[in-house]
1. Got at least one residue in region 58-79 being without any contact (Cβ under 8 Å) to a residue 40 or more places away in the chain, within 19 Å of Asp14 (Cβ to Cβ), open to solvent by 60 Å² or more (accessible area, probe 1.4 Å) and in contact with a strand residue (DSSP E or B) (Cβ under 6 Å, 6 or more places away or on another chain)?
2. Being under 22 Å from Asn132 (Cα atoms), in contact (Cβ under 8 Å) with a residue 12 or more places away in the chain and basic (Lys, Arg) is the requirement here; does Arg52 meet it?
3. Mind listing just one residue for me: the one in region 4-34 that is over 19 Å from His50 (Cα atoms) and of a type in the set (D, E, K, R) and, of those, most open to solvent (accessible area, probe 1.4 Å)?
4. Please specify each residue of region 118-134 satisfying the condition of being open to solvent by 100 Å² or more (accessible area, probe 1.4 Å), more than 19 Å from the chain's Cα centre (by Cα) and modelled with pLDDT under 95.
5. Going through region 58-88 one residue at a time, which ones are of a type in the set (Gly, Ala, Ser) and farther than 17 Å from Ala41 by Cα?
6. Residue by residue through region 101-117, note down the ones that are surrounded by 13 or more Cβ atoms within 10 Å (Cβ to Cβ) and of a type in the set (Val, Ile, Thr).
Amino acid sequence: EIDQQRYTVSAVVDHQLSLGHWQGTFAWGPNRPSTGATSNALLFETTLQHQRHTLFARAESADKNELFVAGALRGQAFNVGKISVGYLFDFSIARRLTLGVGALASGYSLPVAIHADYGAHPHSYMLFTRLNLN
C-alpha cells in the first residue's frame with residue numbers, strides 16, 4: 001500500500017524531433033490543503049522549442065477545498081481543472097543574454113455548483129518577459 005501523503009509519481013520525456021526540442025511531463029501527487037483530506041492532483045505539461053520559438057501547454061486537475069472562506073460551501077472540495085497554452089519568442093540582446101517575450105492563456109473547468117461564484121467559463125491571460133543567461 002502506498003502512503004498517499006508522502007509520494008509523487010512522474011514521467012519525463014525529452015527528445016529531439018525534426019520540428020525542434022520536445023519535452024513532456026506527466027505527474028501525480030497528493031494535494032494537501034491547509035485543512036481537510038488529502039486528494040489526488042494530476043498534471044501534464046509539454047514544451048516544443050524550435051530556434052527562438054517556444055510553444056508550451058499544461059493541463060492539471062485537483063480537488064480544492066479552499067475556494068470559499070465563508071458561507072455554506074466553506075471547506076467543501078470541488079474538482080478544478082485548468083488548461084494553459086503559451087508562446088515565447090527569444091531576442092538576442094547580448095553575447096550570452098536573451099530577452100524572451102511571451103503570452104499565456106488559461107481556461108478553467110469548474111463544477112456547476114460553483115458557477116455562480118466563479119463563472120461558468122473562467123479564463124485568465126498573462127503577458128510576460130524573461131531574461132535568460134545562456
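1. Among the residues of region 58-79, at least one is without any contact (Cβ under 8 Å) to a residue 40 or more places away in the chain, within 19 Å of Asp14 (Cβ to Cβ), open to solvent by 60 Å² or more (accessible area, probe 1.4 Å) and in contact with a strand residue (DSSP E or B) (Cβ under 6 Å, 6 or more places away or on another chain), which makes the answer yes.
2. Answer is yes for this residue.
3. It comes out as Arg6.
4. Leu133
5. Ala70, Gly71, Ala72, Gly75, Gly86
6. Result: Val101, Ile114.
Every residue, every condition in (1) over 21 Å from Ser109 (Cβ atoms); (2) modelled with pLDDT under 90; (3) under 20 Å from the mean Cα position of the chain (by Cα), yes or no:
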{"position": "Leu17", "(1), (2), (3)": "yes, no, no"}
{"position": "Leu43", "(1), (2), (3)": "no, no, yes"}
{"position": "Thr46", "(1), (2), (3)": "no, no, yes"}
{"position": "Gln49", "(1), (2), (3)": "yes, no, yes"}
{"position": "Phe56", "(1), (2), (3)": "no, no, yes"}
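The values are calculated or read from the model by the stated rules, or taken from the named source; none is laboratory data. Keep in mind that what you see is a predicted model, and the values were worked out from it rather than measured. With ideal geometry, Cβ positions are generated from the backbone for all residues, glycine too; neighbour counts draw on all protein chains shown. These area figures cover heavy atoms from the full protein model, side chains too; ligands, DNA and RNA do not enter into them. Shrake-Rupley method; radii C 1.70, N 1.55, O 1.52, S 1.80 Å.
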